[in-house]
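The values are calculated or read from the model by the stated rules, or taken from the named source; none is laboratory data. Because the structure is predicted, anything quoted here is derived from the model rather than measured. In this analysis, Cβ positions are derived from the backbone assuming ideal geometry, glycine residues included, and neighbour counts consider all displayed protein chains. What goes into the accessible areas is simple: the full protein's heavy atoms, side chains included, and nothing from ligands, DNA or RNA. Shrake-Rupley method; radii C 1.70, N 1.55, O 1.52, S 1.80 Å.
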Amino acid sequence: MRNLPIFDLSVHTPRLELRLPSLAQLDELGDRAAEGIHEEGFMPFLFPWSDVPPAERARATVQYQFRMWGAWTPESWAAEFVVLLDGQAVGIQSVSGKDFGVTREVGTGSWIGRRFQGQGIGTEMRRAVLHFAFEGLGAEWAVTSAFEDNLASLGVTRKLGYLEDGIEIDNRQGKQVTRRRFRMSRADFTPATDIEIRGLDTCRPLFDPTTT
């Protein structure tokens, strides 16, 4: 897309492709959300968007992506990459930045359809956006967080080499819960040799307003 080239950007790993979703892929993402993301009675998100009926969950997934596209500026952006496995949408891996041209810091977040969990996809897609951030955008820091009862997310974070960066106390559905923060520096990141970034040059100014 000439006027919004972020839709031509993609990141490729041995198994996965990450990109902003097409309308058909976005519809499929809605299906993944409707099928279920986590077990009943567990909530990995601060805003409980997944705690609604399946049809509402699917619609909210689609609408959220439109809001992210419309709100994008070089000073405040969130790339909500659809994760494709053999061409099938399995979840979302986001990477975001605010005043990235100054802070050189990105944050990440993700979700995977429940029937695709436990296959190492979460680790592979996080490794992909870390490579994109550090090797593609020239980030100096990457941060993430998860509730202390979200063992799967914490496992991925620790496996990839983040360092603990403190805690926050949140109100999750009316109950106090601890969220653990993590940080990775560029010096602690190991570049991957099996990840390819395509289409970044044309859209680089949309991530970093200091780019000429």
**Report entry** Projected label distance in nm at GLN117 and HIS12, using a 7 Å step from Cα toward the beta-carbon
**Finding:** 3.1
Query raised in the report: Roughly speaking, to the nearest percent, how much of the chain's 1.4 Å accessible area is carbon and sulfur?
Result: 50
Requested in this report: Among THR210, ALA58, THR157, flag the residue with its Cα farthest along the positive direction of the charge dipole of the chain, charges on Cβ as +1 for Lys/Arg and -1 for Asp/Glu.
Outcome: THR157
Query raised in the report: If you find the alpha carbon centre of the range 1-38 and of the range 142-204, how far apart are they in angstrom?
Result: 20
Report task. Determine the dipole magnitude for the range 1-146: charges of +1 sit on the beta-carbon of Lys and Arg, -1 on that of Asp and Glu, nothing else is charged, the reference point is the Cα centre, and the result goes in debye to the nearest 20. Result -> 100
Query raised in the report: Just the Cα atoms of the chain, one point each, no solvent: what log10 I(q)/I(0) does Debye give at q = 0.14, 0.18, 0.19 Å⁻¹?
Result: -0.86, -1.48, -1.64
Query raised in the report: Hey, rough spin-label estimate for GLU168 and GLU56, points 7 angstrom out along Cα→Cβ, what's it come to in nanometres?
Result: 2.5
Report summary line: Around PRO21 (Cβ within 14 Å, Cβ-to-Cβ, excluding PRO21; K/R +1, D/E -1) the net charge comes to -3
**Report entry** Solvent-accessible heavy-atom area per residue, rounded to whole Å², over the chain at 1.4 Å
**Finding:** 50
**Report entry** Net length gained if the chain between TRP69 and THR210 were fully extended (0.36 nm per residue, minus Cα distance)
**Finding:** 48.7 nm
